[in-house]
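Taking it in order: structure first as structure tokens, then the write-up.
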Amino acid sequence: MAAAETKKLSKKRKATQEEDETPAPPPAAFPQEVGLEMGSEDEGAEGDDVSDDGEVDEFPEIDARSDTEDEEEESDDESAEAVEVEDEEEVEDESDDSDASDESLNVWPKPKTVVSDITGQPKRIYPEIEPDYDSDSSTEDTPNRVGNIPMHWYDDLPHVGYDINGKKVLRPARGDELDKFLKTVEDPDSWTSAFDKNLQMDKPLTAEELDIIRRLQEGENPDANYDPYEPTVEWFTGKGKEEVMPLSAAPEPKRRWVPSKWEKQKVMKIVRAIRQGRILPNKPKTANNQPQFYAIWNDEAPTGPAPPPAPKPRLPGHAESYNPPEEYLPTPEERAKWEATDPEDREREYLPQKYSALRLVPAYENFIKERFNRQLDLYLAPRVQRVKLRIDPESLIPKLPSPSSLRPFPVYKSLQVPHADVRVRAISVSPDGQWVVSGDESGVVRLWEVIVGKEVKRWTFKSKVGAVEWCPRTDVSFFAVAVEDHIHLIIPPNLPGPVLTATQHVLAPASLPPAPANPSPVKWSSVPAAQSSSDSPILSLSLPSSAEPPKQLVWHRKGDYLSSVSEGQGGVWIHQVSRRHSQAPFKKVKGTVQLVLFHPTKPHFFVATQRYVRMYNLAEQTLLKTLTPGIRWISSMDVHPSGDHLIVGGYDRKLCWFDLELSDKPYKILRYHSRALRSVHFHPTYPLFASSSDDGSIQIFHARVYNDLMTNPLIVPLKILRGHAVREGLGVFNVRWVPRQPWLVSAGADGQVSVWCS
Amino acid sequence: MGRLKQKGKAGAAKAYMTRSAAVKKLQCSLADFRRLCILKGIFPREPRNRKKANKGSSAPTNFYYAKDIAYLAHEPVLRKLREHKAFAKKLARALGRGEWSSAKSLEDNKPVYRLDHIIKERYPTFVDAVRDIDDALCMIFLFASLPSDSKVSPSLVENCARLAAEWQLYVMHTHSLRKVFLSIKGVYYQAEVFDQTVTWLVPYQFTQTIPTDVDVRVMLTFLELYQTLLGFVFFKLYTDAGLVYPPPLDTQKDDGAAGVGAFNLQEAKPNRPVVTSARSKVVEVDGKRISSKDVRQTIKSISASGSGDVDVAMPSVDADPANEDDEEFVEDNTEDPEDHAPAAPAYTTATLPTLKTLSTIPRSTSAKLFAPYTFWLSRETSRPIFEFIVRSFGGRIGWPATSGSGSPFDENDESITHVIIDRPLVQRQNESEEEKERRRRRKYVQPQWVVDCVNAGKILLEDLYAQGKTLPPHLSPFGDHAEAYDPTAGLVGVEEEEDEVEEMEQEGAEVSEEEGAARPAKSVLKAAAAAEDDAALHAAEVAAEAAGVDYGTFEKEAKKAQKKAKKAEAAAEEEAERDMNKMMMSNKQRKLYERMKYGQKKRAEERQTLEQKKRAIEKEKKRRIQSS
């Protein structure tokens, strides 16, 4: 663009040279310097065309108005150029029109063309430039001299600034919107005017400015002088301008024509590698897939354990031989059995066979299948490491003292008292160990001697007997029988006189105790002592009616309290004989009460529901603890005479031994009967206990309890007594020890009551 | 208070992973997962509590250790498998577009995985690897005999056959075969390599067909691993034995069905200098102080030279069956007699008890069992089996051309001592004198003789195994479990017992013949034994009198019977006591006890049935002998 401009300028200059014949102004302040600076003899001599001019004239573009040297320069060049002036005339003519229009558009200060007095040639003279600080300013002629400040500072003032002389420039009158509008209508130039901030008024744009706007709008170069289609300037390549001399004297390097040594080396490296076979061009990577073996185990083995080796298959035994001993050959039955079982269930995957010669042995048809199964085992079967036990199984059986060293205990059945083929559920042995009462389901209660089994007396009730129980007192003698909803207290016959009177006194005193304040639903009715006999009960209690007779009767050790358990809620009663008073200790019990038991020494009371055994303190009326035997249905329970241990039997064949001071959980759980447990009983004096079961057997245990808290109780099974027959799945209902003797009385569903002696 | 423990954040829930979870985590297909598991030796585990391991579900699943799976995730083989998947897609596309050249270049650059690192991981030491080659050998021998088809490529079969031959060559070379068992499944061999017993099963030479319910892909994956494993193991075994691995194959011989004879065992060259240097070191040592390092080195060098010497000294038939004799080895010895000086006396005369002789003594007897003999294989016997066995035990063996080429001698060779023959005896009519003479000089034995000799560790009498004879039973050299029935030892005891029983029976028969009232007498005695009190005894006495037994004999018998009864009673009581004591066992102990008892009972029953059968067979035999 610069070149184009300069060209234009040079054209203009020439044009003006022709046109204006004005005298030259006086020389500028420092013409010599400029001339020295710019005057290039070579160029002047050489530059005999237009382009040369342009090059020389480049400078005016930069500081066009500040310099006056042009004149000098021109004048210097004039002599050289004069020759050519004629030639250029045609060009000038052509450009005249454009020049005219250009004049008006020119932003530059207009030069005057005068004829130099020295050369006699026309020359351009530019207006004088005052070399003060503002000489360059294009806004010289603006009247307002406030400078570049926010004009709203003058918003409230009547003037808009000051002129060069310090006089106020008054704010021009500005019309309202209507005026503006009218102006746009009236004044055709109003749309080409713009608001001048400095003067606070609209000023029409000059033609140049409008031209610039137009160019910008059209996307042209804003400079009007720019010619995008200028012909190329052939500085060195034009006709006759070819460079014949070299620019540099350096000789052409060898590398321009010799093949590269380094490239060759690199190529040769590859070539050599290919020749030696190190590089295989187009080598298929997978062609050589044969694994290469090397000493893989020569370097150090990694620390840490190796993965456990796979278990080896079992080595073949004699049976697998092609010619086994004859006894290994399967019999026809074995063969049939082997063929009948599924292949997975077979103990051996083959049948032993015998061939008389090796050449007769055929191929084994399952060979591949077995290999495959082995592999499946290797990668699909879960592996568990198990320690192989190398112990004798007999060593697992606990070593216990021999039963023969723990005598005496019952070993044989000494006698049998038949009950007319009716189930005998209830038996009781008198506290002196002489008599047994047994009650069966037909309502017969029999009294007989332990030693000979002779029946002394028989009572017959209307329905089945639920329980019989001797009173544990030794000074008196009577027993309780539970039938229907009654509890009858009966005095056995043939009592010695003092005992009889004492008993009668206890059961039917001359003066009845005063009736309790709040009468219970249990009715007490007695026969006067004088009329009493052993045939009928001397005292009867009628409980609230229920379908079943009370299933259990328990005496307190002192013989005054009797507890009865009947079916259903509120079936537990505690009767006091001396006061003829009955009370229900529990208003409500969780679950159905199976059994109750008095503690032998303390005022504690055990209540067994279906699953739990609860221990209450009757004196304080609190729950002491709940024992959880883990039995589904408790059938029987007994407390050790010391009162610290409790055994609980269940219908699910379990027997639990509780150490009451140790835990609420059983100390030992035994399961040895094959059917439900029916009854358990501790011997009052000997360290023995017995359990009976529906499998018809009675198991005798030695159970030694130590006073030392650190020693666990010793339980030794002693003897299994068999002799009761099982009827309709029912075996031995009840077992009772004879006090002071290691004898046992048992009652079974087969209607037999047996006595077992040591 | 500590942080609340959340369920499923620790313990079994984290330590185990189901198979489907593992497949998901590894982002591969189930088939790839299986492949990886086979190659890496990862197998499912049984958690203590399946529910805890499976987020409360009790569905039947396989569990893997989560750490095993995490370890699989970094497996280079897994990456290769993924690459292969991409490759398969690319190839399919190229083929679908008919871009044959790009398909070919793809095929050429197919991703291939290597298993070296897996071998090293699974078997950190060489002994580990040797311990675990049983299955590998079984598979290799099986596939070596399979016909090739679309699934089993011929190159695979060929490679398996090569590996099998290499293993047999090594075993023959080192004389490490110990036991052989001819079973109905195939031939079991047991060798001792690096103090590890290696047992493998080789099927009889029949064409096997792969059943349809067998997944060949699984077998091939295993085979891939086994081939690599055996390659490395054999490399180490061969180089340790001073041999070149792989042994070069003579293709001409191989085409002639020479079997193992087609391979040439070559001594590795660098073995010699080691021996000499070791010897020179020993010489140096004499004057110097010996550091522990020196000692170690010498030991190493001695053992190295020892192994080298031993195999040279043995009259083995390894190197080249076509032209090999013992002379070749003599030559070998004479080549550099100085190197092998200590070895020669060790073999020929055992005068100097050197370390080498000591190490060779225990096995020298059985290892070179057949060294003095030369065998000829009859046409119907299996050449690979007996060639392997005989050569492993130092014998020479030849075979007719119908069994393959490469026999070192022909049938007319004078040195043949035994002919292994497996056909019934046929009288030949037109036999020349020479042939008769030859027949007289040679011993004709059935194949079982060879195997029984090997298992017995000595040369058995040939008469029992002569041609056409009924063979004695062939027993497993591995034996059965400890309590099992022993067919050899059982013979004596059983016979005695049996005699007793028989005597008793006979006596009874006699008595019954003599006296018609013998039976009541017996019952009387029984009654006497059972009598508990005097009254019953008396009653029995009376009965005896009535039966006609005199009092003296009755008394004696009664006492005896009572004593017996008492003994039985005591035993029964003890038994009852023990039964009662069982009540006091805890549940766990009882279950364990019952399990153990069950096993014992089963084994005892097995044994009893076998003994009974044996007795019956013996009786039958005796009867037959008596009747004839």
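Values quoted throughout were computed directly from the atomic coordinates according to the rules given, and no laboratory measurement underlies them. Since this is a predicted model, take the numbers as computed values, not measurements. All Cβ positions, glycine included, derive from the backbone under ideal geometry; neighbour counts span all protein chains shown.
Only alpha carbons enter this Debye calculation for segment B:117-240, each as an equal point scatterer, and the log10 of I(q)/I(0) it gives at q = 0.11, 0.13, 0.16, 0.21 Å⁻¹ is -0.37, -0.52, -0.80, -1.31. Using only the Cα atoms of segment B:156-216, build the gyration tensor, take square roots of its eigenvalues as a ≥ b ≥ c, and label the shape rounded, prolate or oblate: rounded if a/c is under 1.5, else prolate if a/b is larger than b/c, else oblate. Prolate, because a/c is 1.5 or more and a/b exceeds b/c. Remark: segment A:172-218 projects, on average over all directions, an area of 3.9 nm² (convex hull of Cα atoms). What is segment A:567-663 by shape, rounded, prolate or oblate, if you read a ≥ b ≥ c off the alpha carbon gyration tensor as root eigenvalues and call it rounded for a/c under 1.5, prolate for a/b larger than b/c, and oblate otherwise? Cα axes put segment A:567-663 in the oblate bin. Cβ crowding within 10 Å ranks A:F236, A:F195 as A:F236, A:F195, fewest other Cβ atoms first.
Applying the Kirkwood pairwise sum to the alpha-carbon positions of segment B:196-264 produces a hydrodynamic radius of 15.1 angstrom. For the pair B:S432 and B:A616, what calculated FRET efficiency results from E = 1/(1 + (r/R0)^6), where r is the Cβ-Cβ distance and R0 = 30 Å, to the nearest 0.05? Step by step, r from the Cβ atoms, then E = 0.05.
Relative to one another, the C-alpha centroids of segment A:206-263 and segment B:8-28 are positioned 73 Å apart. With a Förster radius of 45 Å applied to the beta-carbon distance between A:R215 and A:S248, the computed FRET efficiency rounds to 0.50.
Do any of A:K337/A:K654; A:K369/B:K588; A:K551/A:K588; A:K457/A:K588; A:K399/A:K625; A:K462/A:K625 go past 29 Å between their Cα atoms, and which? Cα-Cα > 29 Å for A:K337/A:K654; A:K369/B:K588; A:K457/A:K588; A:K399/A:K625; A:K462/A:K625; rest within. Distance between the C-alpha centres of segment A:305-354 and segment A:591-665: 57 Å, rounded to the whole angstrom.
Set the bar at 30 Å for Cα to Cα. Now go through B:K52/B:K582; B:K24/B:K236; B:K179/B:K469; A:K354/B:K619; A:K665/B:K51; B:K236/B:K443 and name every pair that lies beyond it. Beyond 30 Å: B:K52/B:K582; B:K24/B:K236; B:K236/B:K443.
The chymotrypsin sites (Phe, Trp or Tyr not before Pro) found in segment B:1-66 include none that occupy coil by DSSP while having at most 14 further C-beta atoms within 10 Å. Stokes-Einstein diffusion of segment A:525-590 at 10 °C, 1.306 mPa s viscosity, Kirkwood radius from Cα pairs, rounded to a whole number: 120 µm²/s. Sorting A:K457, B:K9 by the number of Cβ atoms found within 10 Å of their own Cβ, with the fewest placed first, yields B:K9, A:K457. Taking a ≥ b ≥ c as the square roots of the eigenvalues of the alpha-carbon gyration tensor, segment B:12-74 is classed prolate because a/c is 1.5 or more and a/b outweighs b/c.
Each residue in B:H538, A:H645 was given a count of other beta-carbon atoms within 10 angstrom of its own, and listing them fewest first yields B:H538, A:H645. Peptide B:229-240 is shielded by partner chain Cβ atoms: per residue, an average of 3 of them sit within 10 Å of its Cβ. Which of the chymotrypsin sites (Phe, Trp or Tyr not before Pro) found in segment A:657-758 are loop residues per DSSP with 13 or fewer other Cβ atoms within 10 Å of their Cβ? Qualifying residues, ordered by number: A:Y706.
Here is the list for segment B:398-452: GluC sites (Glu not before Pro) lying in DSSP coil, each with at most 13 other C-beta atoms within 10 angstrom of its C-beta, are B:E414, B:E431. Applying Stokes-Einstein at 10 °C and 1.306 mPa s to the Kirkwood radius of segment B:44-189, computed over alpha-carbon pairs, gives a translational diffusion coefficient of 78 µm² s⁻¹.
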